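A short worksheet on the structure shown next.
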Amino acid sequence: MLEPLFQTKVQCACCDNEFNTSRVRYSFKRALRTDSDFCGYYKEECNPEYYVVRVCPRCGFSSTENSTANLNENQRSSYLAKTGSNWISRDYGGERTWEQALASYKLALLCAQTINEQERITASLLHHIAWLYRYQNNQEQEKRFLTFALQSYIRVYEQEGSPMNSARLMYLIGELYRRVDEPYAAVKWFSRVIHDKKITDGAMIRASREQWQVLREDMLSKQLALPDEMEKPL
């Protein structure tokens, strides 16, 4: 009987230690459903979100496969001085509980902030932490981390700019604004994806149209004044 998890060897970007970490086999990565901000729901033992972060048992440096592959001397010194020197060896290489998954993401977030990682990586970590809280129906913490993720995604957009390759990012900003109850900001971002002629990503245009309509109906049900662009349905 094939097990959902398999072990893979990775090298720590900080101390060069080789260690094993678990991943979910591709054949088990079937989401039961997916939310409009791309949060997937899986069987507990097959949730790939639990295994995104790799935690070095020797020095504690935690990262994802998209993180910086090798730290420079300043980054290494900063991490070891602020965090690594207090690390007590722990092994996250096997099967993870929800609590261990959350701890691994928070470690990765701390590491990313310490080494001044790319903003896109930080935003993704914040978003994933919000998803973990969503799995537990902890709405207060979910909204808190969605707000942090939203602010971080906006910084990514401001740094990277071009709408031609940012349709998914723009949609996501609109969707997170919707989820943190800022409908007027959400409308603006959805509308930009829908109406910007430079954007040709059909999937994100459709998703923006769908969420624009969800938002309009929600605003009407709450008796909120519609912005001009929402006076008529798309």
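The values are calculated or read from the model by the stated rules, or taken from the named source; none is laboratory data. Values in this document were obtained by computation on a predicted structure and should not be read as measured data. Don't worry about glycine lacking a Cβ; one is built from the backbone with ideal geometry, like all the others, and counts go over all protein chains shown. To get the accessible areas, we keep the full protein, side chains included, count just its heavy atoms, and leave off ligands, DNA and RNA. Shrake-Rupley method; radii C 1.70, N 1.55, O 1.52, S 1.80 Å.
Numbers at a glance
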item: Residue pairs meeting the criteria (Cβ under 7 Å; at least 6 apart or on separate chains; first surrounded by fewer than 16 Cβ atoms within 10 Å (Cβ to Cβ), in the range 184-199; second modelled with pLDDT of 95 or more and of a type in the set (Asp, Glu)); result: none
item: Test for Ala225: is it farther than 26 Å from Asn66 by Cβ, open to solvent by 20 Å² or more (accessible area, probe 1.4 Å) and of a type in the set (Gly, Ala, Ser); result: yes
item: Subset of the range 79-98 that is touching a residue at least 60 places away in the same chain (Cβ under 8 Å) and hydroxyl-bearing (Ser, Thr, Tyr) - its residue that is farthest from Tyr135 (Cα to Cα); result: Tyr79
item: Every residue from the range 1-14 that is open to solvent by less than 40 Å² (accessible area, probe 1.4 Å) and either assigned to a loop (DSSP other than H, G, I, E, B) or touching a Leu at 6+ places or on another chain (Cβ under 9 Å) (or both); result: Pro4, Cys12, Ala13, Cys14
item: Residue in the range 48-60 that is loosely packed, with under 13 Cβ neighbours inside 10 Å and at pLDDT 95 or above present; result: no
item: Qualifying residues in the range 23-70 (those that are among the hydrophobic types (A, V, I, L, M, F, W, C) and assigned to a helix (DSSP H, G or I)) - the one farthest from Ser85 (Cα to Cα); result: Phe28
item: Residue identified as in contact (Cβ under 8 Å) with a residue 12 or more places away in the chain, of a type outside the set (S, T, N, Q), open to solvent by less than 30 Å² (accessible area, probe 1.4 Å) and farther than 26 Å from Glu44 by Cα among Ala101, Ala167; result: Ala167
item: Matching entry among Leu2, Leu109, Leu102 (being at pLDDT 95 or above, touching a Ser or Thr at 6+ places or on another chain (Cβ under 9 Å) and not polar (S, T, N, Q)); result: Leu109
item: Residue, farthest from Lys9 (Cα to Cα), within the range 56-84, restricted to residues that are within 21 Å of the chain's Cα centre (by Cα) and of a type in the set (Val, Ile, Thr); result: Thr68
item: Failed criterion for Arg30 (all others in (1) open to solvent by 90 Å² or more (accessible area, probe 1.4 Å); (2) in contact with a Ser or Thr (Cβ under 8 Å, 6 or more places away or on another chain) hold); result: (2)
item: Residue that is least open to solvent (accessible area, probe 1.4 Å), among those in the range 85-98 that are over 19 Å from the mean Cα position of the chain (by Cα) and within 18 Å of Glu65 (Cβ to Cβ); result: Gly93
item: Test: residue in the range 140-163 that is of a type in the set (Val, Ile, Thr), farther than 30 Å from Lys82 by Cα and open to solvent by less than 60 Å² (accessible area, probe 1.4 Å); result: no
item: Flag for Arg76 being touching a residue at least 12 places away in the same chain (Cβ under 8 Å), closer than 30 Å to Val214 by Cβ, among the charged types (D, E, K, R) and surrounded by fewer than 20 Cβ atoms within 10 Å (Cβ to Cβ); result: no
